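Heads up, the thing below is written out as structure tokens.
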Amino acid sequence: MVKFHKELVKAASHFYGQVKYDGTLNIVTQELQEVLEGIQNTARFRQLMHLEQVSVDEKMSILSEAVSSLSQSTQDYLRPYLHPDESSYLIEAVEAFLDIYSANRLEMISAIPLTEEQIERIAQAFQKKTKKEYDSYVNTVDPTVIGGVKLKTKEYLLDGTLLYKLEQFKKKICQTGLKG
């Protein structure tokens, strides 16, 4: 786990609770993921932010403009980091929020899309087993799964796929010394 400043984690945690309560968790998370990708993966953006010829005010203006199309909640969360003294914490603030989101997310990997009823039933059973409640459920389709479901969280991996079960069966057969 990445280490964050206590105040950043506190702000991220407060914001996470707020957007969860408001019902905008998925939108805000998607926006923050896009912000992070834009900052980290755009060489031109990073280069611009490090150029000495570009004044600090211009850099802050560019950052402010970049987030202006985001939801009001996301803008409010990022606003403190759009000042020269705090801009170095922008990425860390976004990562802190996404880290909290990741810790509260249950991913269900299956060969075909699951229905809402299946997702809910699987989530309830997994939450009961782990004694932890997850805020969001994501169904990822992976054709290599063949059958069954793999459940993944930040702390757990429960592989209930057909391939995994066949591999375990093969190991047991090999351990008994039977040759096929």
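The values are calculated or read from the model by the stated rules, or taken from the named source; none is laboratory data. Since the structure is predicted, the reported quantities are computational estimates derived from the model, not experimental observations. So basically every Cβ, Gly included, is an ideal-geometry build from the backbone, and we count neighbours across all protein chains shown.
Taking the conditions exactly as written (under 22 Å from the mean Cα position of the chain (by Cα) and over 25 Å from residue 29 (Cβ atoms)), does residue 159 satisfy them or not?
yes
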Out of the range 126-135, which residues are part of a helix (DSSP H, G or I) and surrounded by 12 or more Cβ atoms within 10 Å (Cβ to Cβ)?
126, 127, 130
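Have a look at 61, 88, 71 and point out the one that is polar (S, T, N, Q) and closer than 27 Å to residue 21 by Cβ.
Just one listed residue meets the conditions, 71.
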Out of all the residues in the range 94-112, is one or more in contact (Cβ under 8 Å) with a residue 24 or more places away in the chain, of a type in the set (Val, Ile, Thr) and in contact with a strand residue (DSSP E or B) (Cβ under 8 Å, 6 or more places away or on another chain)?
yes
Which one of the conditions (1) in a loop (DSSP other than H, G, I, E, B); (2) in the same structural domain as residue 16 (by TED's automatic domain parsing) does residue 114 fail to meet, given that it meets all the rest?
(2)
Please go through (1) of a type outside the set (Lys, Arg); (2) touching a residue at least 40 places away in the same chain (Cβ under 8 Å); (3) under 24 Å from residue 163 (Cα atoms) for residue 142 and return the number of the only condition it doesn't satisfy.
(2)
